[in-house]
Protein chains: 2
Amino acid sequence: PGQLMARIISIAKSIKKLGQDDPRRLIHSFKVGLALSLVSLLYYARPLYDGFGVAGMWAVLTVVVVFEFTVGGTLSKCLNRGFATFLAGGLGIGADYFASLFGKQGEPIVLGILVFVLAAAATFSRFFPRIKARYDYGVLIFILTFSLVAVSGYRVDELVVLAHQRLSTIIMGGATCMLISIFICPVWAGEDLHKAVASNLEKLATYLEGFGDVYFQSCKDEGSGVGSKDGNGKSFLHQGYKSILNSKNSEESLANFARWEPGHGRFPLRYPWKHYLKIGALARQCAYQIEAINGCINSDIQASEEFKSKIEGPCSRMSSECGKALKALATSMKTMTDPSSANPHVENSKAAMKDLKFALKASSMENADFLAIVPVATVGSVLVEITKCIQKISEAVH
Amino acid sequence: PGQLMARIISIAKSIKKLGQDDPRRLIHSFKVGLALSLVSLLYYARPLYDGFGVAGMWAVLTVVVVFEFTVGGTLSKCLNRGFATFLAGGLGIGADYFASLFGKQGEPIVLGILVFVLAAAATFSRFFPRIKARYDYGVLIFILTFSLVAVSGYRVDELVVLAHQRLSTIIMGGATCMLISIFICPVWAGEDLHKAVASNLEKLATYLEGFGDVYFQSCKDEGSGVGSKDGNGKSFLHQGYKSILNSKNSEESLANFARWEPGHGRFPLRYPWKHYLKIGALARQCAYQIEAINGCINSDIQASEEFKSKIEGPCSRMSSECGKALKALATSMKTMTDPSSANPHVENSKAAMKDLKFALKASSMENADFLAIVPVATVGSVLVEITKCIQKISEAVH
C-alpha cells in the first residue's frame with residue numbers, strides 16, 4: 001500500500017507538472033468536453049433526434065475526431081472532413097446509379113470493383129508528400145464516405161436523404177468544434193510557430209553569450225593544465241540549444257496548420273509562414289555548429305593556454321556579439337518591430353571575425369605545440385561559421 | 001491544352017517515381033482496396049446483413065481507419081481500437097445504468113456530466129508523451145465509443161446487443177486488416193527500422209571513405225592556393241548524410257510500431273528495438289560533426305598546404321578507417337552476423353588518431369601562418385571527434 005501511494009503521488013505530480021508546463025492543455029481538455037456535451041444535445045433533445053436520426057451520432061464522431069489542440073489543426077480537419085464527405089458522397093451516389101445500370105446481378109460486382117479502384121488510388125495518393133502534409137485526413141474520409149455510401153446504397157434507397165442528413169450533422173459537429181476552438185481561449189498554430197522560432201533564437205543567444213566567458217574563463221581560474229578538460233566549464237553552459245536539433249518536424253506541422261488559420265492578432269491571413277521555416281532551418285544549422293563546439297570543449301587534448309589567450313579577445317567578442325544580435329533579433333520578432341537594432345551587433349561580430357583573422361596572421365609562437373593549438377583553433381573556426389550563420393539569420397529576419 | 005498535357009505528363013512521372021522508389025507503396029494501396037472489398041461483403045451478403053445490421057458499416061469504417069503501411073502500425077491501431085471499444089462500451093453501459101438511477105429528469109444531466117468529465121480527462125491524458133506515443137489512437141476511440149454508448153443508451157434499450165454487434169463487426173474488420181497486412185507482402189516496421197539504421201551507417205561510411213581523398217587530393221591537383229576554396233572538391237562528397245540529421249522522428253515512430261509486431265524473420269518477439277534508437281542517436285551525433293566539417297571545407301580562409309601535408313597521412317587514414325569500420329558494422333547489422341570484422345578498422349582509426357597527435361606534437365613550422373592552419377586543424381579535430389563517435393557506435397552494435 002505504501003508503494004501504491006508513492007506511485008499515485010508520483011503520477012499526480014506528473015499530471016500537475018504537465019498542466020503547469022502549458023496550462024492551455026488543461027483548457028483544451030475542457031473545451032473538448034464542452035464540445036462533446038453540446039453535441040450530445042443532438043441526441044438528448046427529442047425534436048432534434050427526430051430530425052437527424054441515427055445520423056446524429058456522426059456529429060459526436062466528428063467532434064471527437066476533429067478537435068485538435070491548435071485552431072489550425074481543427075480547421076484543417078473540419079474543412080478536409082466537410083469537403084471530402086461532400087465529394088465522396090456525390091461520387092458514391094453516382095457510383096450507385098452507374099452500378100444500377102448493370103442489373104441486379106452486375107450491381108455488386110461493379111460496386112466492388114469501383115470501391116477497390118478508388119480506395120487503392122486514394123490510398124496511393126496519400127504517399128505524395130504534399131497531399132500527406134495537407135490533405136491526408138481528407139483523403140481518408142473520402143475513402144471512408146465513398147465506401148459507405150456506395151455500399152449502403154445497395155441496401156438503402158433514400159441515399160440522397162441519408163447523404164444530406166449525414167453532411168448536415170457533420171457540419172453541425174464541425175461548426176461546434178470550429179467555434180469553440182476559435183472563440184474560447186484559442187491556441188493559434190501560427191502564433192506558436194512564431195514563438196517557437198523566436199525562442200529557438202533566444203536559446204542559441206543564451207549559449208553564445210555564455211560561451212566566451214565560460215570557455216576562456218574556466219581555464220584561467222583553474223590555472224593552465226586542467227583547461228577545459230573537466231566538465232566544470234561545460235556545466236555552466238546552457239544546453240537548451242539541444243532541443244533545436246530536432247525541431248524540424250514540429251515546426252513544419254505548425255506551419256502547415258498555420259496556413260489554415262484566419263487572420264488573428266498581429267498575423268493577417270496569408271502571412272508568409274514559410275519564412276519561419278527558413279529562419280528555423282538556419283537556427284538548426286547554427287545548433288549543429290554549436291554541437292560541434294560542445295564536442296571540442298570536452299576534448300581530452302590539452303588546449304594551449306598561450307594560443308588561447310591570443311585569440312581570446314576576438315573570439316569572446318564574436319560569440320557575445322552574436323549572442324546579442326540573436327537576442328535583439330528574437331526580441332524584434334516577438335514584438336514585431338524593426339530588427340535593425342541587431343545590425344550594430346552583427347557588424348561588431350563581423351569586425352571581430354576580421355580581428356581574429358588579423359590576430360592569427362600576426363601571431364607567432366616559438367616552439368608552437370600544434371597539438372595544443374588544434375582544439376582552440378577549432379573553436380575559433382567554428383565560431384567563424386556560427387557568425388556567418390547568424391548573418392544569414394539576420395538577413396532572413398529583415 | 002499543351003500546358004495541360006505537360007502538367008499531366010509531369011504528374012504521371014511523379015506517380016511512376018513514387019511507385020518505383022518503393023514498390024511496396026503500390027502493393028499497400030492494393031491491399032487496402034482488397035480489405036475494403038472483402039469487408040463490403042458484410043453488406044452485400046443478405047444473411048450477414050441480417051445478422052449485423054447497420055453495425056456492418058463499422059467494419060468498413062474500421063478497415064479504412066486502421067489499415068496502416070506497416071504491420072506494426074496496423075496491429076497497434078487494431079488492438080488499440082479493440083480494447084478501447086471494449087472498455088468504453090462496458091463503461092458506457094455502466095454509466096447508463098448509473099444515470100438511470102436518477103430518474104427521467106436527472107438522467108440526461110448526469111450523463112452529460114459524465115461525458116464531459118471522462119472526455120476532458122481522457123483528452124488530457126493524450127498529452128502524456130508515453131500515452132501519446134503508444135495509446136493515442138486508443139484514447140481517441142475510448143472517448144468516441146463512451147460518448148456514443150452513453151448517449152445512445154438514452155434512446156436505445158438494447159444496448160448490450162448493440163455493443164456486442166459493434167464489437168464483433170469491429171473485430172471482423174480488424175481481423176481482416178491484420179490478416180491481410182501480415183500475410184500479403186507484409187511491411188514490417190521492425191525490419192524497416194533495422195534497414196534504416198544500417199543504411200544511415202552506410203551513408204556516413206560513404207562520406208568518410210570519400211572525405212580523405214577529396215579533401216587532401218583536390219588541393220594537390222589544383223596546386224596550392226585554390227585549395228578547398230572552390231566547391232569542386234565538395235561536389236564529389238556524398239551529401240546523403242544530410243537525411244540523417246532529421247531522422248529522429250521517423251526512427252522513433254518505427255520503433256514504436258515495431259514493439260507491436262509478432263516475431264518475424266530474424267527478429268523474435270520482444271527484440272530490443274530501443275537499441276536501434278541508441279545507434280541511431282549516435283549516427284546523428286556523427287552526422288552533426290560531418291555537417292561542421294562540411295562548413296570548414298567551404299571556408300573562405302586559405303588552408304596552409306604545408307600544414308595540410310603534415311597531417312594528411314593520419315587524417316586520411318582516420319577517415320577511411322572510420323568509413324571502413326562503419327561499412328563493416330552496417331554489413332554485419334544487415335546480415336546479423338558478428339560485427340567483430342569492424343574491430344581492426346576501429347583499432348586502426350584509433351592508432352591513426354594517436355599518430356595524428358604525435359605528428360602534431362612533433363611538427364614545427366617556421367613562420368607558421370596560424371590563419372591558414374586553423375581550417376586544417378579544425379578538420380583534424382572534428383575527425384578525432386568522429387572517430388570517438390564511431391568507437392561508441394561500434395560498442396553499441398556489439
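Here are a few things to note about the model shown:
- Scanning region A:244-271 for residues that are part of a loop (DSSP other than H, G, I, E, B) and either among the small types (Gly, Ala, Ser) or surrounded by 16 or more Cβ atoms within 10 Å (Cβ to Cβ) (or both) yields A:Asn246, A:Ser247, A:Arg259, A:Trp260, A:Glu261, A:Gly263, A:Gly265, A:Tyr271.
- Some residue of region A:363-382 being in contact with a Pro (Cβ under 6 Å, 6 or more places away or on another chain) and not polar (S, T, N, Q): no
- A single member of A:Val151, A:Val139, A:Val187, A:Val160 is within 13 Å of chain B (Cβ to nearest Cβ), under 13 Å from A:Gly92 (Cα atoms) and out of contact with any His (no Cβ under 6 Å at 6 or more places or on another chain), and it is A:Val151.
- Of the residues screened, B:Ala330 is not one that is within 11 Å of another protein chain (Cβ to nearest Cβ), part of a helix (DSSP H, G or I) and of a type outside the set (Phe, Trp, Tyr).
- Close pairs (8 angstrom Cβ cut-off, 6 or more residues apart or separate chains): touching a residue at least 40 places away in the same chain (Cβ under 8 Å) and closer than 19 Å to A:Pro339 by Cα in region A:367-396, of a type in the set (D, E, K, R) and surrounded by fewer than 24 Cβ atoms within 10 Å (Cβ to Cβ) anywhere: A:Thr387/A:Lys350; A:Gln391/A:Lys350; A:Ala396/A:Lys278
- Filtering region A:272-300 to residues that are among the charged types (D, E, K, R), assigned to a helix (DSSP H, G or I) and within 13 Å of chain B (Cβ to nearest Cβ) leaves A:Arg284, A:Glu291.
- With respect to the conditions (1) without any contact (Cβ under 8 Å) to a residue 40 or more places away in the chain; (2) within 14 Å of chain A (Cβ to nearest Cβ), B:Lys308 lacks only one, and its number is (1).
- Yes/no for A:Ala119 being in a helix (DSSP H, G or I) and within 8 Å of chain B (Cβ to nearest Cβ): yes
- Selection within region B:86-104: residues that are away from every other protein chain (no Cβ under 13 Å) and within 40 Å of the chain's Cα centre (by Cα). The member of this set that is surrounded by the most Cβ atoms within 10 Å (Cβ to Cβ) is B:Gly89.
- Test set (1) of a type outside the set (D, E, K, R); (2) more than 23 Å from A:Val63 (Cα to Cα); (3) away from chain A (no Cβ under 14 Å) - B:Thr70 fails condition number: (3)
- Restricting region B:105-116 to residues that are within 7 Å of chain A (Cβ to nearest Cβ) and within 17 Å of B:Ile143 (Cα to Cα), the residue that is surrounded by the most Cβ atoms within 10 Å (Cβ to Cβ): B:Val115
- Here A:Ala303 fits the description: crowded, with 20+ Cβ neighbours inside 10 Å and outside any helix (DSSP H, G or I).
- In region B:1-23, residue surrounded by the most Cβ atoms within 10 Å (Cβ to Cβ) [restricted to those that are assigned to a loop (DSSP other than H, G, I, E, B) and either charged (D, E, K, R) or modelled with pLDDT under 85 (or both)]: B:Asp22
- Selection within region A:346-371: residues that are surrounded by 21 or more Cβ atoms within 10 Å (Cβ to Cβ) and more than 11 Å from chain B (Cβ to nearest Cβ). The member of this set that is farthest from A:Ala287 (Cα to Cα) is A:Ala352.
- Complete set of residues in region A:300-333 that are among the charged types (D, E, K, R) and modelled with pLDDT of 85 or more: A:Arg317, A:Glu321, A:Lys324, A:Lys327
- Taking region B:271-299 as the range and being among the β-branched types (Val, Ile, Thr) and under 20 Å from B:Leu383 (Cβ atoms) as the test, the residues that pass are B:Ile290, B:Ile293, B:Ile297.
- The C-beta contact set for region A:211-223 (first residue more than 17 Å from A:Val382 (Cα to Cα), second residue assigned to a helix (DSSP H, G or I) and at pLDDT 50 or above, distance under 8 angstrom, 6+ apart or interchain) comprises A:Ser218/A:Phe236; A:Cys219/A:Glu305; A:Cys219/A:Lys308.
- Total residues in region A:152-170, condition touching a helix residue (DSSP H, G or I) at 6+ places or on another chain (Cβ under 7 Å) and either at pLDDT below 75 or surrounded by fewer than 19 Cβ atoms within 10 Å (Cβ to Cβ) (or both): 10
- Complete set of residues in region A:266-295 that are over 18 Å from A:Lys195 (Cβ atoms) and either acidic (Asp, Glu) or touching a residue at least 12 places away in the same chain (Cβ under 8 Å) (or both): A:Gln285, A:Cys286, A:Tyr288, A:Gln289, A:Ile290, A:Glu291, A:Ala292, A:Ile293, A:Asn294
- Selection of region B:122-133 for residues being charged (D, E, K, R) and facing chain A (nearest Cβ under 7 Å) yields an empty set.
Yes/no per residue for (1) among the basic types (Lys, Arg); (2) closer than 27 Å to A:Lys354 by Cα; (3) away from chain A (no Cβ under 13 Å); (4) under 25 Å from the mean Cα position of the chain (by Cα):
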position: B:Ile373; (1), (2), (3), (4): no, yes, no, no
position: B:Val382; (1), (2), (3), (4): no, yes, no, no
position: B:Lys388; (1), (2), (3), (4): yes, no, no, no
position: B:Lys392; (1), (2), (3), (4): yes, no, no, yes
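The values are calculated or read from the model by the stated rules, or taken from the named source; none is laboratory data. Bear in mind that the values here come from a model prediction, so they are computed numbers and not experimental data. Heads up, the Cβs are rebuilt from the backbone with ideal geometry, glycines too, and the neighbour counts pull from every protein chain shown.
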